[in-house]
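Report on the following structure.
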Amino acid sequence: MPRPSVIFVCSACGHESPRWEGRCAGCGEWNTVVEERGPRTASAPGSSPRRSAGAAVKPVLLEEVQAAEHARLSTGIGELDTVLGGGLVPGSLVLIGGAPGIGKSTLTTMALANLLAAGRRTLYVSAEESAAQVRLRAERLDGDGALRIPVVAETDLHTVLATLEQERPELCVIDSVQTLHCAELSSAAGSVAQVREVAGQVMRIAKALRIAVLLVGHVTKEGSLAGPRVLEHLVDCVLQFEGERERTYRTVRAIKNRFGSTNEAGVFEMRDDGLVEVLDASARFVDEATRAPGSAVLCAMEGSRPLLVEVQALVSPSELVPPRRVVAGLDRNRVALVLAVLGRHGGIGLGASDVFVNVVGGVRVDEPGADLAVALAVASAAKRVALGSGERPLACFGELGLTGELRSVAHGERRLTEAAKFGLEPVVEPGRHRTLRSALQSALGDSRPVARVA
Ligand code: TYD
Ligand code: MG
């Protein structure tokens with residue numbers, strides 16, 4: 001078979017060259033040149049520029065367009081269905097990204113097993129592990145439904161496409177998009193060019209045969225270039241699997257969804273027999289919350305659902321210049337901002353202290369409503385005074401402004417209702433306090449700092 005020619009295109013400026021170059025000759029950027037299948041069809045010299053090669057089509061009015069009814073496929077995993085916007089849409093391409101070991105293969109295997117049990121045709125394409133390894137995982141999962149999943153262990157793209165055409169499953173998992181290989185491109189599997197080509201070809205066949213495809217992709221901590229980020233514009237839905245491998249709690253969040261909202265998130269726990277949905281996450285986190293100095297309960301929003309999580313802080317004298325700021329589960333820059341506001345407007349200077357801030361349980365909170373919880377936890381740690389007065393931990397939420405004001409955040413009512421459900425009242429929030437200073441006074445009471453030797 002003649003080898004189709006390839007061209008090298010700069011992903012920054014579009015400059016084309018016949019060879020790979022470390023530095024683009026067009027724009028001078030380093031490492032932006034990627035391989036693509038070519039050549040682009042250029043109009044022959046001398047041909048009329050007004051004549052295009054394609055046939056014209058007639059535009060239709062939007063009101064005359066038949067809106068396709070999406071009969072969703074339920075994955076049998078409630079949290080996953082919610083995040084997808086009510087289940088999988090036939091013919092859609094869903095990318096599940098996450099760090100290695102987070103549980104992507106486990107989640108997709110469980111979804112396949114459930115769909116199979118519901119009488120659907122399924123297929124598991126394992127390009128990463130041997131069929132025997134996939135079997136070992138399936139054996140760990142609850143029940144024996146997972147063992148009946150048809151599996152092919154294959155890394156060649158064209159073999160996989162041919163198999164899809166022959167088997168015509170309703171749901172297919174490709175694990176992972178970075179290990180499938182298209183022989184026409186000379187670059188290694190997992191490179192930007194390969195990942196794009198693989199996803200593009202799979203998409204064509206998925207749309208034509210109405211196969212719902214779950215593409216598994218690894219993202220490194222740095223969100224590496226060859227990672228699935230380059231596919232985000234191509235697929236219908238991008239799910240992000242988050243959490244830390246060493247912790248049990250994981251969240252699945254939609255960061256793009258053509259068929260639903262991107263506000264939803266599902267919480268899972270990794271057990272010995274697979275991932276289990278955590279429906280009462282707030283209850284667990286509140287139960288585990290300590291009443292010690294440095295702990296505050298944050299009324300956070302996970303998508304459209306309120307979630308109570310514990311934010312912990314530790315402040316200790318530093319021997320380093322600049323002192324250490326170690327943050328887990330929150331945005332580092334946001335925490336730096338809160339510390340600055342705390343110093344300027346709360347009278348709690350931390351210039352000579354190491355500060356550690358952590359959201360318990362491996363949960364990640366990415367919303368400004370977390371500011372007040374960080375401020376109160378750090379203030380409580382610095383003063384060595386437990387927050388609140390009662391038996392229950394202190395709940396709070398709110399955004400901090402740069403001038404020390406407390407700003408309201410979305411879904412205040414829902415957050416308050418969730419806190420009330422667990423008896424965490426009164427909540428320190430923007431509805432009660434207009435400034436950080438007032439919130440600090442209320443949360444720390446007028447108890448004097450306990451002078452204790454660390
Ligand atoms: P895996 O789904 O293979 O992760 P990924 O495909 O994202 O790389 O599994 C991740 C980890 O979970 C692995 O270290 C083993 C563990 N695990 C369990 O704790 N319980 C289980 O039932 C299974 C199947 C895996
Ligand atoms: Mg895997």
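The values are calculated or read from the model by the stated rules, or taken from the named source; none is laboratory data. Being a predicted model, the structure only gives us computed values, none of them experimental. Here the Cβ is made from the backbone with ideal geometry for all residues, glycine too, and neighbour counts use every protein chain on show. All accessible areas refer to the heavy atoms of the entire protein, side chains included, with ligands and DNA or RNA removed. Shrake-Rupley method; radii C 1.70, N 1.55, O 1.52, S 1.80 Å.
Numbers below:
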item	result
When residues of segment 239-289 are limited to those that are open to solvent by 50 Å² or more (accessible area, probe 1.4 Å) and among the acidic types (Asp, Glu), the one farthest from residue 362 (Cα to Cα)	273
For residue 158: the one exception among (1) within 12 Å of ligand 1 (Cβ to nearest atom); (2) within 17 Å of residue 176 (Cα to Cα)	(1)
Filtered residue count, segment 115-134, keeping only those that are farther than 14 Å from residue 152 by Cα, in a helix (DSSP H, G or I) and open to solvent by less than 70 Å² (accessible area, probe 1.4 Å)	2
Selection status of residue 267, at pLDDT 90 or above, among the hydrophobic types (A, V, I, L, M, F, W, C) and outside any loop (DSSP other than H, G, I, E, B)	no
Residue match in segment 78-96 (condition: near ligand 1 (Cβ under 10 Å from one of its atoms) and either among the charged types (D, E, K, R) or not in a loop (DSSP other than H, G, I, E, B) (or both))	yes
Filtered residue count, segment 64-104, keeping only those that are more than 15 Å from the chain's Cα centre (by Cα) and either buried (at least 23 other Cβ atoms within 10 Å of the Cβ) or not hydroxyl-bearing (Ser, Thr, Tyr) (or both)	24
Unmet requirement for residue 165, which otherwise passes all of (1) within 25 Å of residue 219 (Cα to Cα); (2) away from ligand 1 (no atom under 16 Å from the Cβ)	(1)
Subset tally (residues that are outside any loop (DSSP other than H, G, I, E, B) and surrounded by fewer than 24 Cβ atoms within 10 Å (Cβ to Cβ)) for segment 356-405	11
Qualifying residues in segment 156-177 (those that are under 20 Å from residue 76 (Cβ atoms) and not β-branched (Val, Ile, Thr)) - the one nearest to ligand 2 (Cβ to nearest atom)	175
Leading residue by the ranking (nearest to residue 115 (Cα to Cα)) among those in segment 160-186 that are under 28 Å from the mean Cα position of the chain (by Cα) and part of a loop (DSSP other than H, G, I, E, B)	170
Filter result for residue 329 (within 16 Å of ligand 2 (Cβ to nearest atom), surrounded by fewer than 24 Cβ atoms within 10 Å (Cβ to Cβ) and either more than 19 Å from residue 251 (Cα to Cα) or among the small types (Gly, Ala, Ser) (or both))	no
So residue 112, is it touching a residue at least 60 places away in the same chain (Cβ under 8 Å) and within 14 Å of ligand 1 (Cβ to nearest atom)	yes
Count - residues of segment 136-159 that are in a loop (DSSP other than H, G, I, E, B) and closer than 17 Å to residue 121 by Cβ	2
Condition check for residue 58: more than 16 Å from ligand 2 (Cβ to nearest atom) and basic (Lys, Arg)	yes
Residue match in segment 125-145 (condition: more than 16 Å from ligand 2 (Cβ to nearest atom), farther than 30 Å from residue 305 by Cα and not small (Gly, Ala, Ser))	yes
Some residue of segment 107-114 being more than 14 Å from ligand 2 (Cβ to nearest atom) and surrounded by fewer than 23 Cβ atoms within 10 Å (Cβ to Cβ)	yes
All positions within segment 197-208 that are surrounded by fewer than 22 Cβ atoms within 10 Å (Cβ to Cβ) and without any contact (Cβ under 8 Å) to a residue 60 or more places away in the chain	200, 201, 204, 205, 208
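This table checks each residue for (1) of a type outside the set (Phe, Trp, Tyr); (2) modelled with pLDDT of 95 or more; (3) open to solvent by 30 Å² or more (accessible area, probe 1.4 Å).
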{"position": "142", "(1), (2), (3)": "yes, no, yes"}
{"position": "147", "(1), (2), (3)": "yes, no, yes"}
{"position": "173", "(1), (2), (3)": "yes, yes, no"}
{"position": "176", "(1), (2), (3)": "yes, no, no"}
{"position": "179", "(1), (2), (3)": "yes, no, yes"}
{"position": "185", "(1), (2), (3)": "yes, no, no"}
{"position": "188", "(1), (2), (3)": "yes, no, yes"}
{"position": "192", "(1), (2), (3)": "yes, no, no"}
{"position": "224", "(1), (2), (3)": "yes, no, yes"}
